[in-house]
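S.K.: Could you have a look at this structure, given as structure tokens, before my questions?
The values are calculated or read from the model by the stated rules, or taken from the named source; none is laboratory data. From a predicted model like this one, the values you see are computed outputs, not experimental measurements. With ideal geometry, Cβ positions are generated from the backbone for all residues, glycine too; neighbour counts draw on all protein chains shown.
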Amino acid sequence: MKRYLYFLVVAAISCVSLSSCSPEPGSSGSTDITDDGGEGQTAPLDESLIMDIVFAQDGSARDRSANANTVRSSLGNTVLVYYNSAFGGYVPRFINPVGEDISSGMYRAEYLADRTFKAEVLDGFTVETMFMLDCEPQGERMSIFSSVEDGGFGLGIASAVLGNEIVFEMSFGTEGSSRIVTLRSGIVPERGKVYHVVGVWNRDDATAFLYVNGECAAVFGTDGDLVLPGNPADQWFGIGCDAGKSATGQFPMRGDVYVARIYSEPAEAGQVAELWKEADKDLESSYIPVEDVMMFPVCEVCPGFRYMILGSGFRQGDVIRMVPSSDPSEPLELEAEVYDGHVTVTLPDGIADRTYGFFVVRNGFESPLGASRFILSDAPRPLSAPGVVAHRGYHTVSGSAENSIAALRASQELGVYGCEIDVWTTVDGVIVVHHDGAMGGKVFQDCTYDDIRDLKLSNGESLPLFTDMLQALGESSATKLIIEIKEHSTAERNNAVTDEVLRLVAGAGMEDMVEYICFDRDVCGRIAASVPDATVGYLGGDVEPDVLAAEGIGCMDYPFSTLNTYRNMVSTAHDLGMKVNIWTVNTDDDILASIALGVDYITTDHPDRVMEICSLMKE
């Protein structure tokens with residue numbers, strides 16, 4: 001991705017009248033903006049359209065200008081197209097993660113083969129968009145309609161460094177040596193409000209203008225020639241993002257894009273006013289303020305299944321419209337049961353094995369929520385909150401550290417199901433708690449305890465003894481200790497640490513407050529044979545559940561990548577009476593996917609976030 005230096009343009013934040021917008025002192029730009037057409041009339045820009053993107057119900061898009069440039073869509077589950085009756089057409093809602101590069105969830109309007117287009121914009125142009133954010137500006141850049149990759153121009157929202165203002169960006173100089181000029185509007189867009197934005201470059205006057213909702217917000221005298229991206233593969237406009245290298249989108253937005261147009265003529269003030277007059281349709285009345293929506297990306301279902309959509313702002317009387325991606329003309333409309341943190345819909349007969357887009361309908365308007373892939377099942381597991389296991393303890397809270405007493409106590413205070421720790425033995429049989437088993441150049445299994453007893457964790461604690469953990473565990477009954485027996489250099493050492501841990505747990509009378517996990521199946525089998533009532537989980541992810549069950553291992557504790565790919569393992573394990581834990585799950589999307597898998601427990605570095613999401617599922 002590009003890394004360039006911004007040249008900030010200090011422009012008027014607002015203009016009392018259009019004529020008050022003037023170029024920077026000392027620039028070569030003109031200070032006059034005049035109408036043509038006589039008697040105060042303006043010539044329409046329509047005849048100079050060289051790109052005009054419109055969207056269709058099926059999610060496709062086309063350039064309806066005479067140039068008919070190719071528009072490619074790569075939507076995934078992060079773009080939903082809906083009919084906006086106030087706008088009078090289909091509109092895409094982008095729900096991409098802000099600040100991340102994307103390979104889907106965007107439209108690409110390509111102009112690499114359009115020599116006429118490139119020649120005309122190099123001689124002056126007007127670029128127009130209209131958008132609405134479905135989030136507050138979050139500090140990161142968000143591009144609306146943009147082709148700025150080592151050259152080019154576009155409209156978007158600046159990063160926090162530039163105040164999250166609506167901006168017009170252009171590249172000037174020569175190919176291979178260009179600089180970005182950024183016209184700043186002084187306007188920070190608000191969630192749920194519609195903004196009509198026009199950028200104009202008049203080559204003859206060497207002046208660039210930025211208009212927001214018909215008003216001139218910034219003007220700048222330019223210097224040099226406009227530079228387009230030098231690599232033909234980068235010559236495309238992103239709708240909902242900025243063009244990036246190798247067809248990757250960058251700086252994605254969250255919200256709606258209604259208009260994406262480019263004209264070959266630099267608009268005059270009166271023409272911009274006409275564009276705004278045509279665009280101003282009270283679109284904000286169609287906005288439904290449902291916030292923090294989260295969807296289960298894949299879910300096993302059947303007729304009668306109660307499907308949840310997490311979020312706030314739903315109201316009694318809302319209808320949930322489900323639109324199958326394969327046939328948007330046959331939507332399902334379901335009554336929503338509204339709870340504090342979610343809505344539930346009961347799926348009807350005829351539900352199919354496919355992806356559905358979800359929309360909330362209120363007061364005659366609809367608003368996109370997200371998408372979910374349904375897999376038909378004879379006996380799907382109901383959506384319910386799993387137990388939460390804090391990976392290496394709740395170590396992301398202030399004052400904590402991985403595998404520390406503080407991390408255990410923080411886990412207990414949070415109220416999670418389990419606090420996972422890692423244990424090693426020293427050569428003299430002392431069990432210590434640490435993930436890597438080495439610190440300060442000392443490998444614990446090759447040291448005596450005296451060799452390592454003075455080592456400190458990042459929060460200042462001494463290297464914990466396992467007996468210290470058991471003592472702290474006994475101070476609260478809210479959280480179990482999930483003990484990972486780390487794989488040592490020999491089977492004899494594995495057996496020694498396993499036997500000593502079991503002895504210490506039994507001696508403390510805490511058999512009911514601990515569970516065991518290990519990557520070594522022989523260790524898992526040894527624990528299961530020694531303590532038949534203990535919960536033992538195998539971590540390897542490479543064995544079918546029936547094999548584990550036959551060996552007396554009652555918990556399949558597999559990585560997210562395995563269970564998300566081989567979903568049937570979860571139901572097979574449950575049919576065998578086994579428990580299922582999934583690790584290590586840290587993003588919202590993976591948390592939701594894990595819940596939909598029907599696992600019993602989620603191991604995570606962010607137990608507070610998993611607990612927060614699970615709390616939204618309560619009825």
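S.K.: Among the residues of the stretch 444-487, write down those that are among the aliphatic types (A, V, I, L, M) and at positive phi. Steps first, answer last, please.
M.R.: First, the residues of the stretch 444-487 that are among the aliphatic types (A, V, I, L, M): 452, 455, 457, 463, 465, 469-470, 472-473, 478, 481-483, 485.
Answer for the stretch 444-487, where residues must be among the aliphatic types (A, V, I, L, M) and at positive phi: there is none.
Every residue, every condition in (1) closer than 29 Å to SER285 by Cβ; (2) of a type in the set (Lys, Arg); (3) surrounded by fewer than 24 Cβ atoms within 10 Å (Cβ to Cβ), yes or no:
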| site | (1), (2), (3) |
| --- | --- |
| GLY156 | yes, no, no |
| MET170 | no, no, no |
| ILE187 | yes, no, yes |
| GLY192 | yes, no, yes |
| ALA206 | no, no, yes |
| GLU215 | yes, no, yes |
| LEU226 | no, no, yes |
| ILE239 | yes, no, no |
| ALA243 | no, no, no |
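S.K.: Restricting the search to the stretch 545-569, which residues are more than 25 Å from SER476 (Cβ to Cβ) and either in contact with a Phe, Trp or Tyr (Cβ under 9 Å, 6 or more places away or on another chain) or assigned by TED's automatic domain parsing to the domain that holds GLU300 (or both)?
M.R.: LEU548, GLU551, ILE553, MET556, TYR558, PRO559, PHE560, TYR566, MET569
S.K.: Of the conditions (1) touching a residue at least 60 places away in the same chain (Cβ under 8 Å); (2) under 26 Å from the mean Cα position of the chain (by Cα), CYS302 clears all except one; give me its number.
M.R.: It is condition (2) that CYS302 fails.
S.K.: Please determine whether any residue of the stretch 594-616 is among the β-branched types (Val, Ile, Thr), surrounded by fewer than 21 Cβ atoms within 10 Å (Cβ to Cβ) and in a loop (DSSP other than H, G, I, E, B). Steps first, please.
M.R.: The first filter runs over the stretch 594-616 and keeps only residues among the β-branched types (Val, Ile, Thr), leaving 595, 599, 602-604, 610, 613.
Adding the requirement that they be surrounded by fewer than 21 Cβ atoms within 10 Å (Cβ to Cβ) leaves 613.
This time we only want the ones that are in a loop (DSSP other than H, G, I, E, B), so: none.
No - not one qualifying residue is present in the stretch 594-616.
S.K.: Right, next: For residues that are among the small types (Gly, Ala, Ser) and surrounded by fewer than 22 Cβ atoms within 10 Å (Cβ to Cβ), tally how many sit in the stretch 139-154.
M.R.: Taking the stretch 139-154 as the starting set, the residues that turn out to be among the small types (Gly, Ala, Ser) are 139, 143, 146-147, 151-152, 154.
Subsequent filtering for residues that are surrounded by fewer than 22 Cβ atoms within 10 Å (Cβ to Cβ) retains 139.
Matching residues across the stretch 139-154 total 1.
S.K.: Only residues that are within 21 Å of SER159 (Cα to Cα) and out of contact with any strand residue (DSSP E or B) (no Cβ under 9 Å at 6 or more places or on another chain): list them for the stretch 111-138, please.
M.R.: Across the stretch 111-138, the qualifying residue is only GLU136.
S.K.: What are the residues in the stretch 195-225 that are assigned to a strand (DSSP E or B), more than 22 Å from ALA279 (Cβ to Cβ) and either free of Cβ contacts under 8 Å to residues at least 12 places away in the same chain or out of contact with any Gly (no Cβ under 8 Å at 6 or more places or on another chain) (or both), if any? Show your work before the answer.
M.R.: Step one: of the stretch 195-225, the residues assigned to a strand (DSSP E or B) are 195-202, 207-212, 215-221, 225.
Applying the additional criterion that residues be more than 22 Å from ALA279 (Cβ to Cβ) yields 207, 220-221, 225.
Across the stretch 195-225, there are no qualifying residues.
S.K.: Taking interchain pairs and intrachain pairs at least six residues apart, which have beta carbon atoms under 9 angstrom, with the first residue in the stretch 325-353 and at negative phi and the second of a type in the set (S, T, N, Q) and assigned to a loop (DSSP other than H, G, I, E, B)?
M.R.: Final answer for the pair search is PRO328/GLN57; SER329/GLN57; ALA336/GLN316; VAL338/GLN316; ALA352/SER326.
S.K.: Go through SER400, SER384, SER329, SER404 for me and flag whichever is at pLDDT 95 or above, among the polar types (S, T, N, Q) and either outside the structural domain of ASP608 (by TED's automatic domain parsing) or over 30 Å from PRO464 (Cβ atoms) (or both). Before you say what the answer is, go through the steps one by one.
M.R.: Working: SER400 fails: either outside the structural domain of ASP608 (by TED's automatic domain parsing) or over 30 Å from PRO464 (Cβ atoms) (or both); SER329 fails: at pLDDT 95 or above; SER404 fails: either outside the structural domain of ASP608 (by TED's automatic domain parsing) or over 30 Å from PRO464 (Cβ atoms) (or both).
Unique residue meeting the criteria: SER384.
S.K.: Within the stretch 444-462, track down each residue that is of a type in the set (S, T, N, Q) and not in a helix (DSSP H, G or I).
M.R.: Step one: of the stretch 444-462, the residues of a type in the set (S, T, N, Q) are 445, 448, 458-459, 462.
Correct list: THR448, SER458, ASN459, SER462.
S.K.: Of the conditions (1) touching a Leu at 6+ places or on another chain (Cβ under 9 Å); (2) more than 14 Å from LEU155 (Cα to Cα), ASP223 satisfies every one except a single condition; which number is it?
M.R.: (1) is the only condition that ASP223 fails.
S.K.: Would you mind telling me which numbered condition in (1) within 19 Å of the chain's Cα centre (by Cα); (2) outside the structural domain of VAL360 (by TED's automatic domain parsing) TYR263 fails?
M.R.: So the condition that TYR263 fails would be (1).
S.K.: Further question: Would you call ARG373 among the basic types (Lys, Arg) and under 27 Å from VAL514 (Cα atoms)? Write out each step before concluding.
M.R.: Values: among the basic types (Lys, Arg): yes; under 27 Å from VAL514 (Cα atoms): no.
Against the criterion (among the basic types (Lys, Arg) and under 27 Å from VAL514 (Cα atoms)), ARG373 does not qualify.
S.K.: Of everything in the stretch 226-283, what is among the small types (Gly, Ala, Ser), at pLDDT 95 or above and part of a loop (DSSP other than H, G, I, E, B)? Give them in sequence order.
M.R.: Those that are among the small types (Gly, Ala, Ser), at pLDDT 95 or above and part of a loop (DSSP other than H, G, I, E, B): GLY240, SER264, ALA267.
S.K.: Of everything in the stretch 334-358 that's within 16 Å of GLU300 (Cα to Cα) and among the charged types (D, E, K, R), which residue is surrounded by the most Cβ atoms within 10 Å (Cβ to Cβ)?
M.R.: Within the stretch 334-358, the match that is surrounded by the most Cβ atoms within 10 Å (Cβ to Cβ) is ARG354.
S.K.: Out of everything in the stretch 41-69 that is assigned to a strand (DSSP E or B) and aliphatic (A, V, I, L, M), what residue ends up being surrounded by the most Cβ atoms within 10 Å (Cβ to Cβ)? First the steps, then the outcome.
M.R.: Here is the first cut: in the stretch 41-69, the residues assigned to a strand (DSSP E or B) are 49-55, 61-63.
From the residues that got through so far, the ones that are aliphatic (A, V, I, L, M) too are 49-51, 53-54, 61.
Values: LEU49: 19, ILE50: 23, MET51: 26, ILE53: 23, VAL54: 16, ALA61: 22.
Filtering first and then ranking leaves MET51.
S.K.: Next question. So which pairs qualify, if the first residue must be in the stretch 426-442 and farther than 11 Å from ILE452 by Cα, the second must be assigned to a loop (DSSP other than H, G, I, E, B) and of a type in the set (Ser, Thr, Tyr), the Cβ gap must be under 7 Å, and the two must be at least 6 apart or on different chains?
M.R.: Cβ pairs passing all conditions: VAL427/THR448; ASP428/THR448.
S.K.: Now for a separate question. Tell me, please, whether a residue that is within 12 Å of GLY249 (Cβ to Cβ) and touching a helix residue (DSSP H, G or I) at 6+ places or on another chain (Cβ under 8 Å) can be found in the stretch 81-93.
M.R.: Quick first cut of the stretch 81-93, residues within 12 Å of GLY249 (Cβ to Cβ) only: none.
So far as the stretch 81-93 goes, no, none of its residues is within 12 Å of GLY249 (Cβ to Cβ) and touching a helix residue (DSSP H, G or I) at 6+ places or on another chain (Cβ under 8 Å).
S.K.: Residues being within 37 Å of the chain's Cα centre (by Cα) and of a type in the set (A, V, I, L, M): count how many of those fall in the stretch 524-546.
M.R.: 3
S.K.: I'd like to verify a number: residues in the stretch 458-481 that are of a type outside the set (Gly, Ala, Ser), surrounded by 13 or more Cβ atoms within 10 Å (Cβ to Cβ) and touching a residue at least 60 places away in the same chain (Cβ under 8 Å), how many?
M.R.: Of the residues in the stretch 458-481, 9 are of a type outside the set (Gly, Ala, Ser), surrounded by 13 or more Cβ atoms within 10 Å (Cβ to Cβ) and touching a residue at least 60 places away in the same chain (Cβ under 8 Å).
S.K.: In addition: Give me a count of the residues in the stretch 522-577 that are surrounded by 14 or more Cβ atoms within 10 Å (Cβ to Cβ), more than 24 Å from GLU300 (Cα to Cα) and free of Cβ contacts under 8 Å to residues at least 24 places away in the same chain.
M.R.: Number of matching residues: 4.
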